[in-house]
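Please read the structure below before turning to the comments.
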Amino acid sequence: MSASRETVAERIALALKRHGVELIFAQSLPSAVVLACEAIGIRQIAYRQENMGGAMADGYARRSGRISVVAAQNGPAATLLVAPLAEALKASVPIVALVQEVERPNFDRNAFQELDHIALFQPCAKWVRRLITADRVDDYVDAAFTAAGSGRPGPAVLLLPADLLREVAVESGHPRTATLGAWPIDRSRPSDEAISAAALLLAQARQPVVMAGGGALTTGAPQALARLQEVAHLPVMTTPMGKGAVNETHPLSLGVLGPLTGPGSIGRHSRGLLQQADVILLIGTRTNQNGTDSWRSIPKSARLIHVDVDPAEIGRNYEALRLVGDAAETLTALTDTLSLCDLSRRLAGRNQLERKIAGMQAAFESERGRILARHPSSLRPERVMMDLQHCLTPTMTVVADASYSSMWVAGQLRALAVGQRFLTPRGLAGLGWGLPMAIGAKLANPDAPVVALVGDGGFAHSWAELETMMRLGIAVKVIVLKNGVLGYQKDAETVKFGRYTSACHFAPVDHSGLARACGCSAVRVENQEEVLPALQTALAADEPCLIEIITDPDAHPPLSLYDGTLDAAEPSPAFAEAV
């Protein structure tokens with residue numbers, strides 16, 4: 001069709017192509033847009049349920065560094081996008097959602113599946129608009145991408161009346177040529193004065209510590225953080241969302257802290273360094289409840305420096321020296337300035353600090369070994385994680401479902417490279433998003449291995465996407481930790497109330513059978529010696545695979561909530577020495 005006869009739907013597709021969009025997560029609707037996309041080579045990834053499609057778009061955006069696009073029908077399909085868009089908003093993930101509306105003549109007449117989508121999406125998106133005229137297509141598509149990928153990233157929603165999509169697009173007097181698909185779109189940094197003040201504070205600090213959040217994983221930020229860590233001799237710990245921002249085998253890396261401070265955690269030993277710190281550099285963290293162990297891990301005595309692209313997050317919970325800007329740009333400028341400072345005292349104490357951190361790692365391994373020794377006949381998730389660590393490569397992406405799966409991955413695995421990705425839905429922590437996020441991550445980088453770790457409780461939300469994996473040939477390796485219970489619900493209720501509700505136990509489900517029914521290779525593992533061979537076989541295969549591992553229903557991650565309750569209260573020598 002000639003440019004003068006392009007429909008609005010075709011113009012939308014061309015705008016998406018201009019922004020480098022290669023995939024659209026959709027289920028055929030809005031049909032006019034999806035048909036137009038497929039006609040010009042934009043691949044439709046047809047999900048089975050809109051909630052899962054939103055999570056796929058999330059995983060794709062996190063792993064690819066590109067703004068993802070998800071589409072849905074009006075009404076019930078639109079409502080199912082609310083939860084994944086809310087996750088993206090809280091986790092700062094850029095997604096453009098294209099949502100069909102009823103035809104304009106039918107507005108406010110109780111048309112079939114009509115809903116106030118503007119009111120629906122406003123709490124869970126940065127930007128919500130309705131395209132209403134055929135001459136503003138490129139304006140609105142570009143505005144959606146700009147909103148999603150600039151400042152603090154997040155979801156943008158563009159509402160598309162069905163009748164408008166069939167109209168002939170009107171040529172604009174100001175054609176648009178920009179490509180806005182990669183994020184962050186803009187790179188900002190603080191003033192030289194602010195950078196100098198922060199550098200001076202870090203250079204003069206006796207025991208500075210870095211805490212990196214999810215913002216430290218934006219494009220270029222892990223590399224900038226690694227340079228800062230090396231140049232300024234700084235110990236770095238991360239929040240659960242920041243995992244992978246640094247190489248966790250580096251001698252100055254402390255792993256994940258957050259709520260993981262119970263027996264059998266590295267945080268039980270490393271938290272002492274944070275408590276002793278006189279200066280703490282916060283990078284890309286919302287200082288939220290999980291990242292700070294309910295706001296208990298940041299000592300009152302420490303001076304804080306906070307790097308964040310969102311000025312409203314700096315000072316939300318803790319007053320700090322403000323470094324408003326992109327993490328990569330800000331850390332690069334900060335390192336350049338610090339390299340001009342006298343860091344001889346920090347260098348002189350580096351060997352001792354590295355020995356102390358190595359002792360913490362050894363204490364963690366020893367404590368984990370004692371826990372496993374107390375349960376010799378149980379197949380525990382810690383053992384599974386140790387075997388997965390044996391298979392881990394620097395290019396592998398590990399995706400975890402919410403709840404315990406996220407904590408096993410965050411606390412038991414070690415990143416092998418700067419910027420290695422461990423994706424967890426920690427914005428809202430909705431169950432069931434692990435598998436679809438892994439699908440999105442695999443589509444973002446098809447040549448790199450992707451492993452999804454899910455519990456049987458969360459996996460029940462997303463079984464149907466096994467068919468999506470098989471239909472589209474998406475070779476995700478799925479590990480199902482089957483313990484027959486809603487683990488966190490059971491344990492948290494036990495701690496808080498002394499009992500738990502009847503919803504915490506499941507009927508037996510054959511997950512490997514479910515996978516095979518979809519045509520997916522699957523194996524059931526009941527003994528520890530079977531785990532490593534099953535992982536190696538699955539990772540060697542160029543196809544989707546599922547490993548169902550029967551695990552101890554009483555095993556739980558070392559959360560602070562259980563320290564002294566479900567877990568015996570045994571003080572950490574490293575922590576006792578530090579404080």
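The values are calculated or read from the model by the stated rules, or taken from the named source; none is laboratory data. None of these values were measured; they are calculated from a predicted model. Every residue, glycine among them, receives a Cβ derived from its backbone with ideal geometry; neighbour counts consider all protein chains shown. With ligands, DNA and RNA removed, areas are computed over all heavy atoms of the protein, side chains included. Shrake-Rupley method; radii C 1.70, N 1.55, O 1.52, S 1.80 Å.
Checked against the criterion of being open to solvent by 10 Å² or more (accessible area, probe 1.4 Å) and free of Cβ contacts under 8 Å to residues at least 24 places away in the same chain, segment 447-466 contains one or more residues that satisfy it. Here segment 104-126 is the region considered, the condition is being surrounded by 15 or more Cβ atoms within 10 Å (Cβ to Cβ) and not aliphatic (A, V, I, L, M), and the residue that is nearest to Glu313 (Cα to Cα) is Lys126. Kindly indicate the residue of segment 162-210 that is assigned to a helix (DSSP H, G or I) and small (Gly, Ala, Ser) and also surrounded by the most Cβ atoms within 10 Å (Cβ to Cβ) among those meeting that condition. Here the answer is Ala198.
Selection over segment 92-134 of residues that are of a type in the set (Phe, Trp, Tyr) and part of a helix (DSSP H, G or I) gives a count of 1. Contact annotation: residue pairs with Cβ atoms under 7 Å, 6 or more positions apart or on different chains, pairing a residue in segment 102-117 that is over 17 Å from Ala32 (Cβ atoms) with a partner that is among the charged types (D, E, K, R) and surrounded by 15 or more Cβ atoms within 10 Å (Cβ to Cβ), are His117/Glu101. Taking the criterion of being under 32 Å from the mean Cα position of the chain (by Cα) and aliphatic (A, V, I, L, M), the residues of segment 175-202 that qualify are Ala178, Leu180, Ala182, Ile185, Ala194, Ile195, Ala197, Ala198, Ala199, Leu201, Leu202. Taking segment 234-271 on its own, how many of its residues are under 16 Å from Ile357 (Cβ atoms), open to solvent by 10 Å² or more (accessible area, probe 1.4 Å) and hydrophobic (A, V, I, L, M, F, W, C)? Of the residues in segment 234-271, 1 are under 16 Å from Ile357 (Cβ atoms), open to solvent by 10 Å² or more (accessible area, probe 1.4 Å) and hydrophobic (A, V, I, L, M, F, W, C). For segment 264-296, residues that are assigned to a loop (DSSP other than H, G, I, E, B), farther than 22 Å from Ala198 by Cα and touching a helix residue (DSSP H, G or I) at 6+ places or on another chain (Cβ under 6 Å) total 4. Scanning segment 220-236 for residues that are touching a residue at least 40 places away in the same chain (Cβ under 8 Å) and farther than 18 Å from Arg286 by Cα yields a total of 11. Scanning segment 331-346 for residues that are polar (S, T, N, Q), open to solvent by 60 Å² or more (accessible area, probe 1.4 Å) and not in a loop (DSSP other than H, G, I, E, B) yields one hit, Ser344. Taking segment 240-272 as the range and being in contact with a Leu (Cβ under 9 Å, 6 or more places away or on another chain), of a type in the set (Ser, Thr, Tyr) and within 14 Å of Pro222 (Cα to Cα) as the test, no residue passes. Take the conditions (1) surrounded by 23 or more Cβ atoms within 10 Å (Cβ to Cβ); (2) part of a loop (DSSP other than H, G, I, E, B); (3) not aromatic (Phe, Trp, Tyr); Leu435 misses just one of them, which is (2).
For segment 135-144, the criterion of being over 29 Å from the mean Cα position of the chain (by Cα), within 19 Å of Gln73 (Cβ to Cβ) and in a loop (DSSP other than H, G, I, E, B) is met by no residue. Here Glu193 clears all of (1) within 28 Å of Val21 (Cα to Cα); (2) acidic (Asp, Glu); (3) without any contact (Cβ under 8 Å) to a residue 12 or more places away in the chain except the condition numbered (1). Counting only helices (runs of 4 or more DSSP H) that fall entirely inside segment 347-423 and contain at least 3 residues that are within 23 Å of Met437 (Cα to Cα), the qualifying elements are 381-391, 404-412. Checked against the criterion of being within 22 Å of Ser253 (Cβ to Cβ), open to solvent by less than 20 Å² (accessible area, probe 1.4 Å), out of contact with any His (no Cβ under 9 Å at 6 or more places or on another chain) and touching a residue at least 40 places away in the same chain (Cβ under 8 Å), the candidates Ala328, Ala358 yield just one match: Ala328. Looking only at residues in segment 376-403 that are buried (at least 19 other Cβ atoms within 10 Å of the Cβ) and touching a Lys or Arg at 6+ places or on another chain (Cβ under 7 Å), the one that is nearest to Leu273 (Cα to Cα) is Glu382.
The set of residues in segment 438-466 that are in a loop (DSSP other than H, G, I, E, B) and closer than 16 Å to Glu22 by Cβ comprises Asn445, Pro446, Asp447. The set of residues from segment 41-91 being in a loop (DSSP other than H, G, I, E, B) and crowded, with 22+ Cβ neighbours inside 10 Å comprises Tyr47, Ile67, Asn74, Leu81.
Scanning segment 371-398 for residues that are of a type in the set (Ser, Thr, Tyr) and either free of Cβ contacts under 8 Å to residues at least 12 places away in the same chain or touching a Phe, Trp or Tyr at 6+ places or on another chain (Cβ under 9 Å) (or both) yields Ser377, Thr397.
Thr219 meets the conditions (1) open to solvent by less than 10 Å² (accessible area, probe 1.4 Å); (2) assigned to a loop (DSSP other than H, G, I, E, B); (3) more than 26 Å from Ser366 (Cβ to Cβ) in every case but one. The failed one is (1).
The single residue among Pro175, Pro184, Pro161, Pro190 that is out of contact with any strand residue (DSSP E or B) (no Cβ under 9 Å at 6 or more places or on another chain) and modelled with pLDDT of 95 or more turns out to be Pro184. Quick check on segment 481-504: of everything there that is open to solvent by less than 30 Å² (accessible area, probe 1.4 Å) and of a type in the set (A, V, I, L, M), which residue is nearest to Asp401 (Cα to Cα)? Ranking the candidates gives Leu481 first.
Only one of the listed residues (Val279, Val307) is touching a strand residue (DSSP E or B) at 6+ places or on another chain (Cβ under 6 Å), open to solvent by less than 20 Å² (accessible area, probe 1.4 Å) and under 23 Å from Lys356 (Cβ atoms). That residue is Val279. Criterion first (among the charged types (D, E, K, R) and under 30 Å from Ala402 (Cα atoms)) does Lys90 satisfy it? In short, yes.
Annotation note: Cβ proximity below 7 Å between a residue of segment 1-30 that is closer than 18 Å to Leu160 by Cα and open to solvent by 10 Å² or more (accessible area, probe 1.4 Å) and a residue that is at pLDDT below 95 and part of a loop (DSSP other than H, G, I, E, B) (sequence gap 6+ or interchain) occurs for Glu10/Met1. For the residues Ala415, Ala373, Ala444, the requirement of being open to solvent by 10 Å² or more (accessible area, probe 1.4 Å), under 20 Å from Gly215 (Cα atoms) and of a type outside the set (Asp, Glu) singles out Ala444.
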